[in-house]
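Here the structure comes first, spelled out in structure tokens, and everything after it is commentary.
The values are calculated or read from the model by the stated rules, or taken from the named source; none is laboratory data. Source: prediction; values computed, not measured. Ideal geometry is used to build each Cβ from the backbone, glycine not excepted, and the neighbour counts take in all protein chains shown.
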Amino acid sequence: MTLLEKVNQPVDIKQFSGEELEQLCQDIRDAIIEIIPAVGGHFASSLGVVELTVALHYIYNTPHDKFLFDVGHQGYVHKILTGRKDDLKSIRQFGGISGFLKREESPHDPFGAGHASTSISAALGIAKARDILGNDNKVIAVIGDGGMTGGLAYEGLNNAGECKTDITVILNDNHMSISKNVGAISRYLVNVVTNPFYQKLRASIWDLTGKMPKTEMIRTLAQRMEDSFKSLIIPGMLFEDLGFKYYGPIDGHNINEIINVLSKIKDLPGPKLVHCLTQKGKGCDYAEHDPIKYHGVKPSRKTPSGTSKKTYTYTQIFGKTISEIAEKNPKIAVVTPAMCEGSGLNEYSERFPDRFFDVGIAEGHAVTFGAGLATEGIKPVVAIYSTFLQRAFDMVLHDVCLQNLPVMFAIDRAGLVGEDGPTHHGCMDISYLNCIPGIVICAPKNGTELRNMLYTGIYYNAGPFAVRYERDYAPETAWDAELQEIRIGSWESLSEGGNILILAVGSMVYSSLEASEIMKKNGLKADVVNARFIKPLDEQFLNENVKNYEHIITVEENTIEGGFGSKIGRFFVENNLKTSNLKHIGIPDKFVTHGARKKLLEVVGLTPELLATQIEEFVNKGSSRLIRQFF
């Protein structure tokens, strides 16, 4: 029996010896290496925080004490130690545990997040609530160096330092190497500044200087001497200047050293920051060698039925196409917030390094930076996930659209993204962009149309332009076809002769075509229109055609609230058109759980079969609801 098998709750490790804790860390690392590559999940990041997480649970007592893991990529070991080790095989799968911390999942998860840089702000709020309520628990935020590239982290640090609230921030830094000299000096200084005698002596000297003539001058001089000494040998003066006591850097894989530091600072008052140096992928050779590639891993999957090795994802098509266009247009620049690989930009970044800007986890900055480029005649392409563009909504509105700047947004992961779940689903971009004046919003039905939309957006200079596409394989990509501009606001009729009209957006075009074939077998004939422009609408088509149909259905992979269907409904009302024969199908007004994308489309009723059933029921005035509510 391994030590891990004996651990069901954090209290089970409290009596472990130093050697046993080291063995437990190895057991946990072995379990992650065995399970995660098979089921998929955040791999290298989990391996890098094993010792740190075990040490935290050894020193503190959750759920009384509160741990906040920024983003949640670092939270797998925490889940293992807090009663979910047997559920690890189900992580990120439909019906299984979440890949992120989730309040509904465990009392040990005080705050859920799938976006970076939130932990310090949330931890400060929890700590302040503790103070108001008169409680005595500790609050610890664990944030990676990647999360520290986000401005929200510094807003939290600044406020926490000003408040002087008792809070501990653990900086998990996996980019710096561990220098023996720095480490030795650091350990010495940590021992000095956490020593109770030193703290008492420092307080006594402070009191003594208060009784001397020219007190303020002497104290100021003493403080400057202390700060100057620290600045020579401690790399944490930024945090000190923000009001934090800085400890480190320490070896984040030496569990005894981590425990030693945490035990000494645990009861020190005020804001504290512990700087831990770790290695992503620790203990797994291939993950250590390429921590970016193995940050997250996917389970092996067969090529989707009906596809071949030449099938490309929308992400890949974007990356290849933007490189192709940029080769002929030297004014194109691509900006991305830490999503180079995820947005398919490896080739572009290598070919055009002077026109590629990875700004880190700083979505708002990415958008405003792009706006600045646009003012000087550069054509910026902001490549960003739908869920992350939400974080930059004000910058899109205020810095881009209000000034009508020709920034192009390439919005990846639109719709349901699958295993990452509700924190990463891109279900709301149509709704939150649609309310902004002046922006063009479009969605391709296949790979060829994505290429043409990108080409159209690059040469559209009348204002901002957004193209959204899903995390999936793209049908019908004609690489040899010459790129063509698409007339802004134009739709495409894909069939005719029916008495039912389906207005489908993006990913739902082919699903609607399949649904129409299913309905045909039941005696219903539906025409499908590729409503590729969501804003502006093809009002000419609507005015000329909708009166010819008995039923009009809108279908979109976006929340039903404020989406494409809502826009069509408003058009009907404003133009005194009949609305009783109008039906909107989209993602219900609920947060959708995690699971395989195909499964989630079934859950929300967006598979061809369920689309056909819903439309048939509407046409036949059926009353039963077939959308499965697995939320």
> If only one of Tyr460, Tyr432 is among the aromatic types (Phe, Trp, Tyr) and either closer than 25 Å to Phe100 by Cβ or in contact with a His (Cβ under 7 Å, 6 or more places away or on another chain) (or both), which one is it?
Replying inline: Tyr432
> Does the stretch 464-478 hold any residues that are farther than 18 Å from Val381 by Cβ and either touching a Phe, Trp or Tyr at 6+ places or on another chain (Cβ under 9 Å) or among the acidic types (Asp, Glu) (or both), and which are they?
Replying inline: Glu470, Arg471, Asp472, Tyr473, Ala474, Pro475, Glu476, Thr477
>> When you scan the stretch 161-181, do you find a residue that is aliphatic (A, V, I, L, M), farther than 22 Å from Ala362 by Cα and at pLDDT below 90, even just one?
In response: yes
>> If I go through the stretch 572-589 residue by residue, how many of them are farther than 18 Å from Ala443 by Cβ and buried (at least 16 other Cβ atoms within 10 Å of the Cβ)?
In response: 6
> Out of Thr456, Thr423, Thr477, which single residue is under 28 Å from Ser516 (Cβ atoms), among the β-branched types (Val, Ile, Thr) and in the same structural domain as Glu341 (by TED's automatic domain parsing)?
Replying inline: Thr456
> Just one of the numbered conditions (1) within 15 Å of Asp420 (Cα to Cα); (2) surrounded by fewer than 24 Cβ atoms within 10 Å (Cβ to Cβ); (3) touching a Lys or Arg at 6+ places or on another chain (Cβ under 8 Å); (4) of a type in the set (S, T, N, Q) is not true of Ser90; which one?
Replying inline: (3)
> Which numbered condition trips up Glu556, out of (1) buried (at least 24 other Cβ atoms within 10 Å of the Cβ); (2) over 15 Å from Ile585 (Cβ atoms)?
Replying inline: (2)
>> Being in contact with a Ser or Thr (Cβ under 8 Å, 6 or more places away or on another chain) and among the hydroxyl-bearing types (Ser, Thr, Tyr) is the filter here; which residues of the stretch 538-565 pass it?
In response: Thr559
> Leu101: crowded, with 20+ Cβ neighbours inside 10 Å, in contact with a His (Cβ under 9 Å, 6 or more places away or on another chain) and free of Cβ contacts under 8 Å to residues at least 60 places away in the same chain, yes or no?
Replying inline: yes
> So which residues in the stretch 1-21 are surrounded by fewer than 17 Cβ atoms within 10 Å (Cβ to Cβ) and part of a helix (DSSP H, G or I)?
Replying inline: Glu5, Lys6, Val11, Asp12, Gly18, Glu19, Glu20
> Which members of the stretch 299-311 meet the condition of being within 23 Å of the chain's Cα centre (by Cα) and either surrounded by 13 or more Cβ atoms within 10 Å (Cβ to Cβ) or modelled with pLDDT of 95 or more (or both)?
Replying inline: Pro299
> Considering only residues of the stretch 286-298 that are buried (at least 17 other Cβ atoms within 10 Å of the Cβ) and at pLDDT 80 or above, which is farthest from Lys445 (Cα to Cα)?
Replying inline: Ala287
> Is one or more of the residues making up the stretch 261-278 in a helix (DSSP H, G or I), hydroxyl-bearing (Ser, Thr, Tyr), assigned by TED's automatic domain parsing to the domain that holds Lys14 and at pLDDT 90 or above?
Replying inline: yes
> Residues of the stretch 369-404 being among the β-branched types (Val, Ile, Thr), out of contact with any His (no Cβ under 6 Å at 6 or more places or on another chain) and crowded, with 19+ Cβ neighbours inside 10 Å, which ones?
Replying inline: Val381, Val382, Ile384, Val396, Val400
> Can you pull out the residues in the stretch 527-562 that are within 37 Å of the chain's Cα centre (by Cα), closer than 17 Å to Val440 by Cβ and either without any contact (Cβ under 8 Å) to a residue 24 or more places away in the chain or in a loop (DSSP other than H, G, I, E, B) (or both)?
Replying inline: Ala531, Arg532, Pro536, Leu537, Asp538
>> Here's a check for you: in the stretch 128-152, which residue that is touching a residue at least 40 places away in the same chain (Cβ under 8 Å) and among the small types (Gly, Ala, Ser) is farthest from Val71 (Cα to Cα)?
In response: Gly151
> Hey, any hits in the stretch 337-348 for a residue that's touching a residue at least 60 places away in the same chain (Cβ under 8 Å), out of contact with any Asp or Glu (no Cβ under 9 Å at 6 or more places or on another chain) and surrounded by 14 or more Cβ atoms within 10 Å (Cβ to Cβ)?
Replying inline: no
> Among the helices (runs of 4 or more DSSP H) contained in the stretch 42-111, which hold 1 or more residues that are closer than 16 Å to Val139 by Cα?
Replying inline: 50-59, 76-79
> Can we say Ala466 is surrounded by fewer than 19 Cβ atoms within 10 Å (Cβ to Cβ) and either at positive phi or aliphatic (A, V, I, L, M) (or both)?
Replying inline: no
> Which ones in the stretch 232-260 are among the small types (Gly, Ala, Ser) and either farther than 22 Å from Ser46 by Cα or assigned to a loop (DSSP other than H, G, I, E, B) (or both)?
Replying inline: Gly236, Gly243, Gly252
>> Condition first: assigned to a helix (DSSP H, G or I), modelled with pLDDT of 95 or more and closer than 17 Å to Val592 by Cβ. Can you find one or more residues in the stretch 388-399 that meet it?
In response: yes
>> I'd like the full set of residues that are at positive phi and surrounded by fewer than 23 Cβ atoms within 10 Å (Cβ to Cβ), limited to the stretch 502-539.
In response: Gly523
